[in-house]
């Protein structure tokens, strides 16, 4: 199967950015599921004094979920698509939210850490080298820092694969075709089928050095199709206050 990668994928997101929010608004539970995953980070005190990264922020829907889950946190949101970032930046935000046109690896090289938490929604199945991205995330996170990955990651059940394919063929790809973005939404369909199963991605996180890894399903029709993966960056440092 042919998937969009790197600059081709970024350009596809650039092209789709004007209609992206309208299409995701048609998705039952899209915003609710993002908020639930952001809240699963369980950041204390509304995120007061914490610096949180929204990795792959798109048009800012995941950033809004983070802001609702941790209204007192300082949030840095990054994405590889300049078109999606323009849409995000055009929305109203408090001063403690900023948007950067960077990847995780570029953030790590720029010395943007240490971070208290990272939220990554719909990102990892779109990168060529997920292990490199996970290594960059670990280098950005403080010891004991939290990671939440909200991602299409199937259980491996034939029934869940069949349901995802039926939804894509019947709704997602046809709708994307109407907006002139068939290639992107065809990529969405195929990238989910090609990505790690939920158990495989949890194992990938553990191999990357994350601890306390667990996968939590979302509710509704996407149960078994979308999961929240929660983990920590190694063990907490001695004397660190409980968060």
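The values are calculated or read from the model by the stated rules, or taken from the named source; none is laboratory data. These numbers come from a predicted model, not from an experiment. Using ideal geometry, Cβ is built from the backbone for each residue, glycine included, and neighbour counts are taken over all protein chains shown.
Some values worked out for this structure:
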{"read-out": "Candidate set from the stretch 1-12 (those that are more than 23 Å from residue 222 (Cα to Cα) and surrounded by 14 or more Cβ atoms within 10 Å (Cβ to Cβ)); member that is modelled with the lowest pLDDT", "value": "4"}
{"read-out": "Candidates 137, 118 - the one that is touching a residue at least 40 places away in the same chain (Cβ under 8 Å), closer than 27 Å to residue 32 by Cβ and in a helix (DSSP H, G or I)", "value": "137"}
{"read-out": "Residue within the stretch 194-213 that is buried (at least 20 other Cβ atoms within 10 Å of the Cβ) and within 14 Å of the chain's Cα centre (by Cα) present", "value": "yes"}
{"read-out": "Listing of helices (runs of 4 or more DSSP H) fully contained in the stretch 20-98 that carry 1 or more residues being over 15 Å from the mean Cα position of the chain (by Cα) and modelled with pLDDT of 95 or more", "value": "61-69, 82-89"}
{"read-out": "Only listed residue being surrounded by fewer than 21 Cβ atoms within 10 Å (Cβ to Cβ) and under 17 Å from residue 218 (Cβ atoms), chosen from 155, 165, 175", "value": "155"}
{"read-out": "Selection within the stretch 34-64 - within 19 Å of residue 23 (Cβ to Cβ) and in contact (Cβ under 8 Å) with a residue 40 or more places away in the chain", "value": "34, 56, 57, 58, 59, 61, 62"}
{"read-out": "Flag for residue 170 being in a loop (DSSP other than H, G, I, E, B), out of contact with any strand residue (DSSP E or B) (no Cβ under 9 Å at 6 or more places or on another chain) and surrounded by fewer than 18 Cβ atoms within 10 Å (Cβ to Cβ)", "value": "no"}
{"read-out": "Looking only at the stretch 121-131, and only at residues there that are in a loop (DSSP other than H, G, I, E, B) and touching a strand residue (DSSP E or B) at 6+ places or on another chain (Cβ under 7 Å), the one that is farthest from residue 8 (Cα to Cα)", "value": "122"}
{"read-out": "Members of the stretch 99-115 found to be buried (at least 22 other Cβ atoms within 10 Å of the Cβ) and part of a strand (DSSP E or B), listed by number", "value": "115"}
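Rundown of residues vs (1) modelled with pLDDT of 95 or more; (2) within 24 Å of residue 105 (Cβ to Cβ), yes/no style:
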| position | (1), (2) |
| --- | --- |
| 140 | yes, yes |
| 145 | yes, yes |
| 153 | yes, yes |
| 164 | yes, no |
| 193 | yes, no |
| 197 | yes, no |
| 231 | yes, yes |
| 234 | no, yes |
